[in-house]
Structure formats: structure tokens, C-alpha cells
Amino acid sequence: MTTPLRIALIASSRFPIRQPFAGGLEAHVWHLAKALADQGHTVALYAADGSDADLDCASLSVHPLRLSGAAMSDVSMPAADFMADHHAYLALMMQLAGIDAGSFDVVHNHSLHYLPVAMAATLSTPMLTTVHTPPTPWLESAIQASHRHGTRFAAVSAHTAAAWASSGGPFTVVPNGIDARAWPLGPGGDSVVWFGRLTAEKAPHLAIAAARRAGRTITLAGPISDPLYYAEHVEPHLGPDVRYAGHLVHRELARLVGSAAVALVTPVWDEPYGLVVAEAMCCGTPVVAFERGGIPELVSAEAGLLVPPNDVDALAAAIPAASRLSRKAVREHAIRRCSATAMVDAYLSLYRQMISARSDDTDDRLLHPPPRPWPHGASRQHQRTPAAACHSADLSTLA
């Protein structure tokens, strides 16, 4: 039997890790934390205020700035949100390098912020950073400036790994996984479904147009992340054949997706992975999607159809054929291709490789604090297992 690990997960300081999820990244971190804890590992989740109470969460706190008038009026003053995020991650990385040094076997960074990567070399603990998005200027520059010291990298798809290739390699591909039990096989139906964040880059208005051309009713579900886009391009089309179900909790969303004939996936940008594709297929619901980003890595002919990007006519024409696919075969494909078990096993393998390499490593770490056991007398949040614990970084000294 392998020894349980002490794992720190770093998430977003802006979006809570709770249902209904703000997006695929938040859903991924929640499922990973639960799966690791269920296997007996001790998990500390550093996440935004208001994260899932079932994870016994405290917060990665972003305190309001308390600056002098002179500082606020200085020409160098950045956006307040930018500075607050900066200080939240600065405090966290100082905590991991200082009082929490030696408290974890591995740190797994899922944030999109540059500081965990830039400061990774200050940690005595090996770090893995998973990239969930296309390259961003701050994160890409942090990777280049740090010369990749202090952290290894993973990507959620081969497409995403290729997009980050200019930052240097390698990026180990670990596809996101989902819990098949949470997305049960559904009975299907006559209508189609679209779910995800309602934003311009996800383009639900194209799904509405395709459903109408195919003579199908459509239900939309997800958070309205861009209210102006929703008001101009979605809301005017609502009616008997187009319904917005709201931002649903997981159980309600799985029921909706499982009762649809087909799920339409219409990004007008290159999706790094396409979590909604995996979730729909797991419900047995065939997918008709634009062929771009990481989506082609998930969809095969037995589970759905891919059409040229932005081609609404092709999207509509593919709906009848996709709806005739075997729902059982679609689900079986999803379990083979998108298993949470495979994802967790891959990450655990990476963790153990990194820990083993560190034991023989004599690299140029900035700090080498001696390893120490799990802190004696520390908050019980540090000792919870298997439930994941979410910790806070105290910013009071930085205000």
C-alpha cells in the first residue's frame, strides 16, 4: 500500500470552488480535491472566499486595500483588483515558503496567476502547475523569467500543451476527468441542450440559431458571465422554442443534459479542453460541436459529430444523425476517454515522480528549510483527512 500524501491545491482567489461552478476550472479543482481526499490523501485547498463548506473551507482571502491617499493617487497605482490578487498570492507563497515549509509533500497550482510560478523556486516542496487556458501574458512571462525553476507543468489537452510550447517544454498532458457517477446515463428526449458560461466566446446564440434551423427546441443553462452579451444576443430569442433554465446546481444540470437528444457545443475560440463535452457524453447525450481547440481529442464518431467552426448550417444538419447514436455507446466512450480515475492516477504518478526526484535533487533552490512533520498543534484544518481542507493566507500584515 502506498503512503498517503499531503497535497496543497492552489485555486483561484476570485471564484469560489462550489456549486454551481463559475466554470470548468472551478469544477475540475473541486472534483480533484474530493477524489484525492476520497483516496485517503490529506488535501489543503487554497481557494476563494465562499468555497464549498463540505470541504471544511477557510479562504484564500483577498482583503480590501487600505492605502493612503497619496498612494492611491500615484500614477503607478494599478487596478485595485490586480493589486489585491497580487497580495493574496504573495501572502500564500510566503506562507508556503515560511511557516508551512515542510507541511506538504507536493503543491499543485491551478491558479491563472503568475506569482505561484514566479515564486515556486522559494519552496522546499515540489510544485506542479496545470495550465487550463491559452497562454496569458503575465503567466507566460513568469514561466520565461523564472526559467521554469521550481515547478513542473501539465496541460489539460495536447492542444493546450502545444499552445504553451513557446514557453519551453515539456508540458505533460493530463486530460481533465469527470466522475461518471455524478453524470448518470439519461433517457434522452427530443430537444437539444447547450450549457456553460453564457459569454460571447462560448456563443450560445449560434446554438439557438442551429436548433431553430433543425426544428428543435433548445434549453440553455449556465451562469450569465457577460450580462451585456446575454441581453443583446440571447434574451431577445427566448420564447416557446428557446428556454433559459438558469445557473443550475449539479444534480439539476445532469438531469437536464441527460434528457436531451443532443448537446450543442459552439465555442468561437479554441477551448483548451471542453469539459461540457465530457459531461454531456457521460450522460449518454451525443455531442455536435465545432471542431476546434481540445474538443477533437474528446469526440469520436461513436459519441458525436464535429463540424467546421462557426458553421451554423453544418451544426443544424448534424443534429439528426447525432441523435440516432447509441446513448450507451456514447457513455462508454466517455468513461474510457474522460475518466476521473485515470486523471487522478496520472496526477498521483506525477506527484510521486516529483517527490522522488526532489529527494536526490541538488538544484538551485532559493530556500532549503529542513523538512518537518505535519505541524504539531496546528489548526485542525491542517489535519483533516480524507476531507479536503481549504486554508487562508493572512494578509493583515500587508495592508
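Restricting the trypsin sites (Lys or Arg not before Pro) of the range 276-356 to loop positions (DSSP other than H, G, I, E, B) with no more than 14 neighbouring Cβ atoms within 10 Å leaves Arg324.
Could I get the Rg over Rh figure for the range 65-118? Both from C-alpha atoms, Rh via Kirkwood, rounded to two places. The Rg/Rh ratio comes out at 1.10. Computed over the range 271-360, the Cα gyration tensor eigenvalues convert (square root of 5λ each) into semi-axes of 33, 15, 7 Å, ordered from largest to smallest. Build a GNM of the chain with springs between Cα atoms under 10 Å apart, and of Leu128, Leu350, Leu238 the one that fluctuates most is Leu238.
If both residues of a DSSP beta bridge must be in the range 180-337, then about 5% of such bridges are antiparallel. As a length-normalised measure over Cα pairs under 8 Å and 6 or more apart, the relative contact order of the chain settles at 23 percent. About the centre of its Cα atoms, the chain shows a dipole size close to 840 debye [charges on the beta carbon of Lys, Arg (+1) and Asp, Glu (-1) only; nearest 20 debye]. In whole percents, the pair-distance distribution calculated for the range 310-352 from its alpha-carbon pairs, binned every 5 Å from zero, is 5, 18, 14, 14, 13, 13, 9, 9, 5, 1. Net charge dipole, the range 20-138: roughly 260 debye, given to the nearest 20, about the Cα centre with Cβ charges of +1 for Lys and Arg and -1 for Asp and Glu. For the chain, give me the percentage of DSSP beta bridges that are antiparallel, rounded to the nearest 5 percent. Roughly 0 percent of the DSSP beta bridges within the chain come out antiparallel.
The modelled label-to-label distance for the pair Leu65/Ile99, using points 7 Å beyond Cα in the direction of Cβ, is 2.5 nm. Taking other C-beta atoms within 10 Å as the exposure proxy, Met77, Met93 rank Met77, Met93 from fewest upward.
Taking every Cα-Cα distance in the range 256-314 and sorting them into 10 Å bins from zero, the calculated P(r) comes out as 26, 58, 15 percent. Whose amide H sits under 5 Å from the amide H of Tyr273, counting only residues 5 or more places off or on another chain, with H placed in the peptide plane? Placed amide hydrogens put Gly294 under 5 Å from Tyr273.
Magnitude of the charge dipole for the range 180-337, about its Cα centre and with charges confined to Cβ atoms of Lys, Arg (+1) and Asp, Glu (-1), is about 660 debye.
Cα centroid separation, the range 1-34 to the range 145-185: 15 Å. Put simply, the convex hull of the Cα atoms in the range 180-337 casts, on average, a shadow of 7.8 nm². Within the chain, all pairs of alpha-carbon atoms sorted by distance into 10 Å bins from zero give the percentages 5, 22, 30, 24, 14, 5, 0. The value of relative contact order for the range 76-164, using C-alpha pairs under 8 Å at least six residues apart, is 26 percent. According to the Cα-based calculation, Rg over Rh for the range 25-173 is 0.98, with Rh computed by the Kirkwood formula.
Any read-out appearing in this document is the output of simple, stated calculations on the displayed coordinates, not a laboratory observation. Bear in mind that the values here come from a model prediction, so they are computed numbers and not experimental data. We place every Cβ from the backbone using ideal geometry, glycine too, and count neighbours over all the protein chains shown.
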